[in-house]
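Just so it is clear, none of the values below were taken in a lab; they were calculated from the coordinates. Note that this is a predicted model, so its numbers are computed, not measured. Cβ atoms come from the backbone with ideal geometry, glycine included; neighbour counts cover every protein chain shown.
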Amino acid sequence: MTDGNTHAALAITRSLGKAGHWIAVGERNQKSLAGVSKYCAERFRYTSPTMSLTKAVEELASEVKRRNIDLLIPVADKTLLPVMEFQKEYFDQVKVPFPDYHTILRATEKFELFELARDCEVPIPRTVFVEEPSEEFISCCAELEFPVVIKPARSLFRENDRVVTTGVNYANSIAEVRSFIKRNVYLREHPFLIQERIIGPGMGYFVLLVAGEPIAEFSHRRIREKPPSGGVSVYSESIPVRPDMREYALRLLRALNWSGVAMVEFKLDQRTNTPTLMEINGRFWGSLQLAIDSGIDFPELLVESVNGGLVGTGKAECGEHHRWRWLLGDIDNLLLRCLKPERELSLPPGFPSRARSALNFLKSFWAPDLKYDVLKKDDLRPFMFELRSYLADLIR
């Protein structure tokens, strides 16, 4: 498994380790979040694709071959895309349980994804597709309701021999859109989207598809994110799978001929109570531990599906109800909310005040059915590793 510092990697390691599988965890450093887990059998280092894509692929292929690995799980997009792109050249001797490179690219390339969504009649935000900045697209922006979100067409792209990640930004007027594009070299040279900002909670539909059929399904609602305006989930809860969200997600995934795990992310538009598409993550997701704690063990089910042990339709509900918390991420959320000026946070209307945010944070310690992401009594070393890194960052 790659990307050992991700929370998804830790959840996969714990899941498959408990099931008796032998696991080697790789990262750019020898120690990592998943690598220090007691369920990790061996650790190894490889060059990050953000430093050298070629070295990353060659070193991973060497580690796989040296250990005679049966199954390779790339966890983060920055590793998944290069592995799938060079699968035939470097990884033909190992099972990689994901769709082919071009299918994953279609799901992650936002121009194609949102055009596909329109064809499949899946709700999307009002969107302006920008091939290159011009006064014509500026006039189109006037038709949108501000604030808007500026999104690169891809969340990562290749620059020479390395993978470069991108991000989203918010604008409250056409003047801010112009100013941001002027300051951002990437947007002046690559396609991007401008979308109306959807106000409402983030919701995720998670699924394992085999031959177009859902083997396992799960859904959650985001309660808090880092940064507070929207980003990585730090506090969530499992919810029953909404039929409309399920239908929209399966339309898209079946149109892509998807096979394997996927997360389809929506925002629940508070004006219409409609799930509105945000993106597809064609890999394991950050809050994976919530699904496992709720009784739907996606990593183990994926391994079973690779070995031909699963057919037919599995669970359509979320299993047990739980709340899930990434404690240090939740602390970051509170610090950002209380210490950073509000004008820099791009908070949506109706966002809780600083006092209410602090109270909600404290009340979370006594929430019923609460499960922690990294902090587990039977496997404490990952939390201690993360805490040391967190404190070192604060000191710096």
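Note down the magnitude of the dipole of the chain about its Cα centre, charges +1 on Lys and Arg C-beta and -1 on Asp and Glu C-beta and zero elsewhere, to the nearest 20 debye. Mind showing how you got there, number by number?
Values: 53 positive and 53 negative charges, 289 e Å.
Taking the Cα centre of the chain as origin, the dipole is about 1380 debye.
To make sure I understand, if each residue's beta carbon is the centre and we count other beta carbons within 10 Å, what order do Val128, Val185 fall in, fewest to most? Each step should come with its number before you reach the end.
Numbers: Val128 20, Val185 9.
Placing the least packed residue first, the sequence is Val185, Val128.
Quick check: residue separation of Ala211 and Glu176 times 0.36 nm, minus the Cα distance between them. What number comes out in nm?
On the way: separation 35, 0.36 × 35 = 12.60 nm, distance 4.57 nm.
Roughly 8.0 nm would be gained on extension.
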Listed residues Thr272, Thr166, Thr103, most fluctuating in the chain (Gaussian network, C-alpha, under 10 Å): Thr272
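First check a/c for the stretch 238-396, with a ≥ b ≥ c the square roots of the eigenvalues of its C-alpha gyration tensor; if it is under 1.5, answer rounded, and if not, answer prolate when a/b is larger than b/c or oblate otherwise.
oblate
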If the cut-off is 24 Å between C-alpha atoms, which lysines fall inside it for Lys18, apart from same-chain ones fewer than 8 positions away? Lys31, Lys38, Lys95, Lys315, Lys371, Lys376, Lys377
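Using only Cα atoms, what is the ratio of the radius of gyration of the stretch 7-98 to 2.2 N^0.38 Å? Provide the component values of the computation, followed by the final result.
On the way: Rg = 12.4 Å, N = 92, 2.2 N^0.38 = 12.3 Å.
With N residues counted in the stretch 7-98, Rg over 2.2 N^0.38 Å equals 1.01.
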Using the Kirkwood formula over every pair of different C-alpha atoms, what hydrodynamic radius in Å results for the stretch 171-215? 14.3
Multiply the residue separation of Asp161 and Arg396 by 0.36 nm, subtract the distance between their alpha-carbon atoms, and state the gained length in nm to one decimal. 81.6 nm
If the viscosity is 1.306 mPa s and the temperature 10 °C, what translational diffusion coefficient in µm²/s does Stokes-Einstein give for the stretch 175-318 when Rh comes from Kirkwood over Cα pairs? 96
If one builds a Gaussian network model of the chain from Cα atoms under 10 Å apart, the most fluctuating residue listed among Glu63, Glu143, Glu109 is Glu143
3J(HN,Hα) from dihedral phi, the stretch 17-23, Karplus parametrisation 6.51/-1.76/1.60, rounded to Hz, x for glycine, proline: x, 5, 7, x, 7, 8, 10
Would you calculate the separation in nanometres between label points at Glu58 and Arg118, each defined as 7 Å from the Cα along the Cα-to-beta-carbon direction? 4.4
Leaving out same-chain residues fewer than 8 places away, which lysines sit with a Cα under 22 Å from that of Lys88? Lys55, Lys65, Lys78
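Beyond 27 Å, what percent of the Cα pairs of the chain remain? Write down the numbers at each step before the final one.
Working: 40366 of 78210 pairs.
Here the tail beyond 27 Å accounts for 52 percent of pairs.
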Most mobile of Gly260, Gly286, Gly212 per a Gaussian network model of the chain (Cα springs, under 10 Å)? Gly212
Can you give me the Cα centroid spacing of the stretch 289-303 and the stretch 1-52 in angstrom? 17
Can you list residues whose amide H is under 5 Å from His322's amide H, if they're 5+ apart or on another chain and H is modeled 1.01 Å from N? Ser238
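For the chain, calculate the relative contact order in percent as a whole number, restricting contacts to Cα pairs under 8 Å that are 6 or more residues apart. Could you put the intermediate results ahead of the total?
Working: 734 pairs, mean separation 64.6, N = 396.
Worked out over the chain, it gives 16 percent.
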In order through the stretch 165-172: 3J(HN,Hα) via Karplus (6.51 cos²θ - 1.76 cosθ + 1.60), integer Hz, x for Gly, Pro: 8, 10, x, 9, 9, 10, 9, 9
Quick one: which residues, 5+ away or cross-chain, put their amide H under 5 Å from the amide H of Arg162? H built at 1.01 Å from N. Leu53
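Hey, could you get me the Stokes-Einstein D for the stretch 46-192, Kirkwood radius over alpha-carbon pairs, 4 °C and 1.567 mPa s, rounded to whole µm² s⁻¹?
Translational diffusion coefficient: 74 µm²/s.
What order do you get for Thr79, Thr127 when you list them from fewest to most C-beta neighbours inside 10 Å? Show your work: numbers first, answer last.
Values: Thr79 27, Thr127 21.
Going from sparsest to densest Cβ surroundings: Thr127, Thr79.
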Would you list Val83, Val96, Val232 from fewest to most Cβ contacts within 10 Å? Val232, Val96, Val83
Over all Cα pairs of the stretch 126-196, how is the pair count split among 10 Å bins, expressed in % and running from 0 up to the last occupied bin? 20, 57, 19, 4
Amide H partners (placed H, <5 Å) of Val232, local residues excluded: Lys226
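Rounded to the nearest 0.05, what FRET efficiency is calculated for Glu344 and Arg28 with R0 set to 45 Å and r the Cβ-Cβ distance? Write down the numbers at each step before the final one.
Values: r = 30 Å, r/R0 = 0.68.
FRET efficiency, Glu344 to Arg28: 0.90.
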Which whole-Hz ³J(HN,Hα) couplings does the stretch 381-396 yield from phi under the Karplus relation 6.51 cos²θ - 1.76 cosθ + 1.60, θ = phi - 60°, glycine and proline marked x? 4, x, 5, 5, 4, 5, 5, 4, 5, 5, 5, 5, 5, 4, 5, 4
Mean residue ellipticity (222 nm) of the chain, computed from DSSP H runs ≥ 4 via -39,500 (n - 2.57), nearest 500: -10500 deg cm²/dmol
